[in-house]
Amino acid sequence: MDPSRPLLGRGALITSSAHAAAALLLVAFLFLTLHNLPISLSPPTAALTPTTSHLEQQDQASCDTTSTLDCADPQLFHLMMRRAIDAFPDVHFNRFGRPVPGDPPSSSCDMAWRARSTASANYKDYRRFSVARDPVTCAYSVTSIGEYHSGPLARKPRRGGTNATAPPPPPALSRSQFAAGKYLSYLGGGDRCKPMPHYLRSLLCSIAEARYLNRTLVLDLSVCLAAAYAGGMPEEGKRLAFYIDIEHLQSVVGIVEHKRFWEDWDKWGAQGQLGVRIIEDSRVAPTKFSKSRDPLIVRKFGDVEPGNYWYNVCEGEAEHVLRPPQGAIRTAPSLMDIVDGIISRMQVDFDSVHAGGNDGNLRRRIEESLNGGGRQVYVAGEGINVVLLDALKAKYSSVHYLDAFEELWARDSKWFLEMKRLNGGVPVEFDGYMRELVDREVFLKGKKKVEVLV
C-alpha cells in the first residue's frame, strides 16, 4: 500500500455514494421532463422518535377538567370495564357497549352492557359512571357507578322509540303500482269490541293467511277497546299502536291501512278494472284459492257468533297450513318504556307473583311459593288488595305493585306528554289494557315467577 495515497474512510464512501445517488435522480428527472411524464416524489421518511401515549401527551399540557370527557378513549373504556367487573363479582358480563358522555358530560360517562347474574337470567343494563380527572396529569379515575338503568344516554334506542302511534304513511301509489299488488282483506265478523286476547287471536290468524298467500294485509289500525278495559262501556277509535309494536308487526307481514286502501280501490278497482275474489265461508281453506291471480281477495264474515270470528279461518282443514306467528305481537315501545321505568326503581334481581282472582288463601299460596328474607317481590294481577300487600310487606323486604308507580303515566309524565303530542294534541288515557300489558311485562322480568290462579 502506498503510504502517500490518502485513505478512503467510511465517511468518504458514504459521501461518494450520496453523490452517485444524486446524479441518478438528476438524470431521472431530466428524462421524465423531456418525455412529459408525471413526476411523483415520495415524502421523506419521518425520523424515528419516541412516541408518547395519550395520557403522557396530556401530562405535558394543562388539563381542562371542564371539557367534555372523551368517553370513547380506550384507556377510559378499559378502566370503566375493569371497575364494573370489580364492582359486580356475581355478574357474568357478555358484552360492553361503547361509552358515551353522560350528564354532566365533563365528569360522567354512560355505558351499557349485556350480562347474566348468578341470580337471574340474561339482562341488559346501562349505568352512569362518575369520572374524575387529575387537574395536573389528567389521569382518569372512576369514583362511583350509578344504580340500575342510571345511564340512559348509553341505551340503544328501542326500535320505533316512543313514536309508536303513527308510523309515517307510505307514499301514495300510482294506478300501476296499486294494480301490481296482491291484497287480502277481512270484512265484518264478530271480533270487534271483544277482549284483547280474542282480538289478537283473530288478528294473528289473518296475518298467518296473508303470509301463506304472500299478500299484503288490509288492516284497520284502530280498535274497539272492550268494556272490561274502558270503565264498563266499549270504546271505539283506540289506535292499535297504543298497545302493540306496529313497526315490528310490519316486519312480519306487509300491511296497508284499510281506509287508504279502500279510497284507492274506489278510484281504480270498484268499476271492474281490477279483479276481486270474495270468500264467504270461513271454512274454505286458503289452499283452495292460493293460486288466484286477482289483485284482491276478500273474506266476508257474517253476523252470527261464534261462526263469524276471524280465528275460525285457521281451524279445520286450514290448521295444517296456517300457523299464527305468535312472535308478531310485541308490547308497544311506549309501554315498554314504562316497564323499564318501574324496573329501574327496583333492583334488577326481584321475584314476581301474578295473582288471579280474589281468594282468602291467596296469601298462603304466595308464601308457599316464594322464599322470604331480603327478597324484593312484585305482585301483579287483579287479585291484589291492601290486606294482601300489608301481609306480604311484613315478610318480604320490599313489596311492589303497579299503582305504586303511577307517576310514570301521570298527566305531567314524559309518557303522557309524548303520547298527547303523537295523538294530535288529544290526551291518551292509561287504560285498563295498558295496565294489564305493563303489569304482565314487569311480572315476566322477575327472577322467580309464580302464577297463583284461583
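Annotations for the structure displayed:
- Where a residue in region 239-252 is over 18 Å from TRP409 (Cβ atoms) and touching a residue at least 24 places away in the same chain (Cβ under 8 Å) and its partner, wherever it lies, is of a type in the set (Val, Ile, Thr) and in a helix (DSSP H, G or I), with Cβ under 7 Å and at least six apart: VAL252/ILE207
- Test: GLU236 is assigned to a helix (DSSP H, G or I) and of a type in the set (Asp, Glu): no
Yes or no, residue by residue, for (1) more than 24 Å from LEU437 (Cα to Cα); (2) in the same structural domain as ASP439 (by the TED database); (3) of a type in the set (D, E, K, R):
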residue: GLY381; (1), (2), (3): no, yes, no
residue: ILE384; (1), (2), (3): no, yes, no
residue: LEU388; (1), (2), (3): no, yes, no
residue: LYS393; (1), (2), (3): yes, yes, yes
residue: SER397; (1), (2), (3): yes, yes, no
residue: LEU402; (1), (2), (3): no, yes, no
residue: GLU406; (1), (2), (3): no, yes, yes
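- Pairs, first within 22 Å of ASP340 (Cα to Cα) in region 386-413, second open to solvent by 30 Å² or more (accessible area, probe 1.4 Å) and small (Gly, Ala, Ser), C-beta under 7 Å, six or more apart: SER397/GLY374
- In region 176-209, the residues that are open to solvent by less than 10 Å² (accessible area, probe 1.4 Å) and hydroxyl-bearing (Ser, Thr, Tyr): SER185, SER202, SER206
- Here PRO325 clears all of (1) in contact with a helix residue (DSSP H, G or I) (Cβ under 9 Å, 6 or more places away or on another chain); (2) loosely packed, with under 13 Cβ neighbours inside 10 Å; (3) of a type outside the set (A, V, I, L, M, F, W, C) except the condition numbered (2).
- Failed criterion for LEU69 (all others in (1) at pLDDT 90 or above; (2) in a loop (DSSP other than H, G, I, E, B); (3) touching an Asp or Glu at 6+ places or on another chain (Cβ under 8 Å) hold): (3)
- Flag for ASP349 being among the charged types (D, E, K, R), surrounded by fewer than 20 Cβ atoms within 10 Å (Cβ to Cβ) and touching a residue at least 12 places away in the same chain (Cβ under 8 Å): yes
- Subset of region 282-304 [among the acidic types (Asp, Glu) and surrounded by fewer than 12 Cβ atoms within 10 Å (Cβ to Cβ)]: ASP303
- Members of region 239-264 that are closer than 19 Å to GLU441 by Cβ and either open to solvent by less than 40 Å² (accessible area, probe 1.4 Å) or in contact with a His (Cβ under 6 Å, 6 or more places away or on another chain) (or both): LEU240, ALA241, PHE242, TYR243, ILE244, ASP245, ILE246, HIS248, LEU249
- Within region 88-121, tally of residues that are outside any loop (DSSP other than H, G, I, E, B) and either open to solvent by 60 Å² or more (accessible area, probe 1.4 Å) or at pLDDT 85 or above (or both): 14
- Lone qualifier among GLY272, GLY231, GLY254 - being at pLDDT 90 or above and not aliphatic (A, V, I, L, M): GLY254
The values are calculated or read from the model by the stated rules, or taken from the named source; none is laboratory data. This one's a predicted model, so the numbers in the text were calculated from it and none came from an experiment. So basically every Cβ, Gly included, is an ideal-geometry build from the backbone, and we count neighbours across all protein chains shown. Accessible surface areas use protein heavy atoms only, side chains included; no ligands, DNA or RNA. Shrake-Rupley method; radii C 1.70, N 1.55, O 1.52, S 1.80 Å.
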